[in-house]
Amino acid sequence: MNFKILTLAITLVVGTLFSCKKSETAAPKTKTELLAGTTSKSWKNTKAVAANGGLSIDLVSTQPTCVVDNILTFYSNKSYEIREGATKCNAADPDLVLKANWSLSSDETKFTVDKIIFQGRQFDNITFDVVQLTEDIFVGKTMLTISNVSYEFSATFEPVK
């Protein structure tokens, strides 16, 4: 009887030792993956500030809902779209507001879009400093010049859930 118990105990211990797998730690996501997911990821602009000297304007709170509820989607193929959100400023407005391309610098500290519309004006090849980029937030900062006045522009995005 003791032999059967001993054999069973050894079998259980050996089986447990050889059936355990090494715990696999997932590799940290690249900034491209954080921004665009595996195929795409949608974001909503939650904060945008334009500052010049001591003057600072909160651009999200000063815009109508039909503008700030728009959805920004980054695709892993380095394109992006801005689409109308739940409300439109004009029922005849197309759902697709803007389609353009994006890129990250090789060290992933700079984010460039080939086209952006800000305050009704189109800007080409704008580069943002990546201030923060995680699963839950994306913050970028750049300089924009409008009517010969330079503004430090900062935008914060959170993923659409």
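Assuming charge only on the beta carbon of Lys and Arg (+1) and of Asp and Glu (-1), the dipole of region 29-159 about its Cα centre is about 140 debye to the nearest 20. Among the listed pairs Lys44/Lys141; Lys141/Lys161; Lys78/Lys99; Lys44/Lys99; Lys99/Lys141; Lys110/Lys141, those with a Cα-Cα distance over 19 Å are Lys141/Lys161; Lys99/Lys141.
For region 127-140, the Karplus equation 6.51 cos²θ - 1.76 cosθ + 1.60, evaluated at θ = phi - 60°, returns couplings of 10, 9, 6, 7, 7, 8, 8, 9, 4, 10, 7, 9, 10, x Hz by residue, with Gly and Pro reported as x.
Per residue, the convex hull spanned by the alpha carbons of region 29-159 comes to 112 Å³. Can you list residues whose amide H is under 5 Å from Ile126's amide H, if they're 5+ apart or on another chain and H is modeled 1.01 Å from N? Placed amide hydrogens put Val113, Lys115 under 5 Å from Ile126. Residues whose amide H comes within less than 5 Å of that of Lys47, counting only those at least five positions distant or on another chain, are Thr156 (H built at 1.01 Å from N in the peptide plane).
Read-outs: derived from the displayed coordinates by stated rules, not from any lab. All values derive from a computational prediction rather than experimental measurement. For neighbour counting, all protein chains shown are included, and Cβ atoms are generated from backbone atoms with ideal geometry for every residue, glycine included.
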